[in-house]
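We did not get these values from a lab; they are worked out from the coordinates using the rules stated. Everything numeric in this text was worked out from a predicted model, so none of it was measured. All Cβ positions, glycine included, derive from the backbone under ideal geometry; neighbour counts span all protein chains shown.
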Amino acid sequence: MKRNRKMISVVCGMLLIATALAIPDTTTIAQDEFRIAKPETKFVPNRLLVKYRSESFKSQKRELLAAFNAYDAGELQDTGVHILQLPETANEEAVAAIFAGQPEVEFAELDRVLAPDDMIPNDPNYSSEWHLTKIAAPAAWSTTTGTGNVVVAICDTGVDGTHPDLAAKMVPGWNVYDNNSNTSDVYGHGTKVAGTVAASTNNSQGVAAVAWGCMIMPVRVSNASGSATLSAIANGITYAANNGARVANVSYKATGSATVSSAASYMQSRGGVVTVSSGNYGQFDATADDPYLLTVSATDPSDNIYSWSDTGNNIDVAAPGTVYTTLRGGGYGSASGTSFSAPIVAGIAALALSTNLNLTGAEVQQRITQYADDKGAPGWDTSFGYGRVNALRSVNGAGGGDTTAPSVAISSPSNGNTVSGTVTVQAAASDNVGVASVSFKVDGNQQAVDTTSPYSFSWNTTTVANGSHTLTATATDAAGNSASSSVSVTVNNSAADTTAPTVVITSPADGSTAGNIVTVTVNAADNVGVVRVELFVDGQWNTASTTAPFTTKWNAKRATRGAHTLQCRAYDAAGNVGASGTITVYR
């Protein structure tokens, strides 16, 4: 053993000289924290993961650490694996090899940094297709790239079935416009759409597509100039539904048509989904939502709505609006418009169905909307709908075996608490796949729905009578599983509360010179809660704020030159009023 120890010392001495080891900083490193100091490496610098043999003595471990000028930064819970911190200049791979060869050590390895197990196709134009990574398609492909059992109908100008990235993906379709089987592309639009959905991928040529394992059904609904009637689009959808397609894409602004909606309803009754473009006019569409259509707006690489994308009440989701795709005649090129955001969603629908063929059309729509990444205003809005689509989350949420309900608990206020004024009701919720939404009720009456954690809403208790009330939070996942939790609280907004709020103006400073717009900030507090702060200028009411931190603004553009007094008053739910001292500002 002494001879072995001597050899370690010799080797360590050489290593210390070669790497110019320094005395280490003894700050503990958290297990979940790392920085990649050396971009060319794929492991955490200056760190080893080491497990000692059970018969090793503490003195042996200390000697080994001292020989390398290393220190023990902690142990991974329940594993016996120690995190060793090496000096900054250490050769991690060399030290790991030496450690692994010591009799005291069961194993030693680098703390390697692993990339997500995404499926990255080898198509040469994949690097130009930013939209695929934006919607997390590579991560979704690790679960499914689509199945040939799922067919997507392209209700468009036809499809170039001879294109090298489309030829192997075609199933028989129909030319609705001419009432024959010639579905060749007469305008070029449909070939671009088809390549966006399901071009052959990972074949070392051309482009990658969202649902590249699925099949394409060409359904021509247009004339030679690319225009299509509502009746032709409706006929195309019903043809697709009757001939085995589970998804139909309509890259036309067809939402709002009762005829198209009727055909989409029929498609949905047969387990299908219809995706539709919102339009490229940069307009707001007041048309009501259609439950049988997924209407799609267009986003840019920064997740902003393109200026040319239509928005409105009928928007369900958003998707990237620029793609690199197949062109009529065998080529490839870029294309922009909601004509291409819609087929991205069609591809995600096809991936979801490939994961679970038993999903109904309505369930597929739910997986796509509820698992979108919320953008813009929280929850549904007229620009993004429920959010920008996420292929990974939609695929994970489509699993046929998800019968597990979420867990949910109201974390504030606690059961038995007495509350008054406006209080924040907050719930914690989790799910094996993902929480789609949490709804809140007071005494069984719906108050709010929140789709983003932390799940909460502001409850104005003055709208209910004093006494006992029940708060209920219900968490729902995309599969429709739900669970509820309730607490009982006592509301007391009685006159017994005679304590007035306190309020102090913190800005602007007394004696300061005011600009055109004066922002007045305060510190306001109350034994129960402040519900409103009002600003008075020269003794006259000016403006009010009902939301903490109760900041108000005074438009001083037309104020006379000279001194002006500012004062704020704070109110609680019981009507008690507290006033700040006055300050003087000059114009």
- request: Pick out, from ALA66, GLY387, SER411, the residue whose Cα sits farthest towards the positive end of the charge dipole of the chain, with +1 on the Cβ of Lys and Arg and -1 on the Cβ of Asp and Glu.
  value: ALA66
- prompt: Quick one: putting +1 on the C-beta of Lys and Arg, -1 on the C-beta of Asp and Glu, what dipole do you get for the range 126-397 around its Cα centre, in Debye to the nearest 20?
  reply: 440 debye
message: Over the range 126-397, how many pairs of lysines fall under 24 Å by alpha carbon, counting only those 8 or more apart in sequence or from different chains?
response: 5
- request: Rank GLY226, VAL433, THR498 by how far each Cα sits towards the positive end of the charge dipole of the chain (+1 on Lys, Arg Cβ; -1 on Asp, Glu Cβ) and give me just the farthest.
  value: THR498
- request: Would you mind ranking ILE135, ILE517, ILE410, ILE120 so that the residue whose beta carbon has the fewest other beta carbons within 10 Å leads the list?
  value: ILE517, ILE120, ILE410, ILE135
- request: Note down the relative contact order for the range 126-397 as a percent, whole number, built from C-alpha pairs under 8 angstrom at least six residues apart.
  value: 22 percent
query: Taking the Cα-to-Cβ direction at TYR586 and at ALA559 and moving 7 Å from each Cα, how far apart do the two end points lie in nm?
result: 1.3 nm
- line: Here, ASN358 and SER262, labelled 7 Å along Cα→Cβ, have an inter-label distance in nm of 3.4 nm
query: Can you give the calculated 222 nm mean residue ellipticity of the chain, where each DSSP H run of n ≥ 4 adds -39,500 (n - 2.57) and the sum is split over every residue, rounded to the nearest 500 deg cm²/dmol?
result: -6000 deg cm²/dmol
- prompt: Put +1 on the Cβ of every Lys and Arg and -1 on every Asp and Glu Cβ in the chain; which of THR521, PHE550, SER278 then has its Cα farthest towards the positive end of the dipole?
  reply: THR521
task: Using every Cα-Cα pair within the range 502-586, state what percent have a distance larger than 21 Å.
output: 23 percent
- prompt: Modelled label-to-label distance, ASN179 and GLU75, 7 Å Cα→beta-carbon offset: nm?
  reply: 8.3 nm
query: PRE reach from THR547 (point 7 Å along Cα→Cβ): which of the range 409-426 fall under 18 Å by backbone N?
result: 422-426
message: With every atom except the alpha carbons ignored, what do you get for Rg and Dmax of the chain, in angstroms?
response: 32.1, 94
- line: HN-Hα couplings for the range 202-219 via Karplus (6.51, -1.76, 1.60; θ = phi - 60°), in whole Hz with x for Gly/Pro, come out as 6, 10, 6, 8, x, 10, 9, 10, 5, 10, 6, x, 8, 10, 10, 10, x, 10
field: R0 of 51 Å, Cβ-Cβ distance THR404-ALA224: FRET efficiency to nearest 0.05
entry: 0.45
field: Relative contact order (%) - criterion: Cα under 8 Å, at least six apart; region: the chain
entry: 9 percent
Cα-Cα separations in the range 390-499 greater than 18 Å, expressed as whole percent: 51 percent
query: How large is the dipole of the chain about the Cα centre if only Lys and Arg carry +1 and Asp and Glu carry -1, each at its Cβ, rounded to the nearest 20 debye?
result: 620 debye
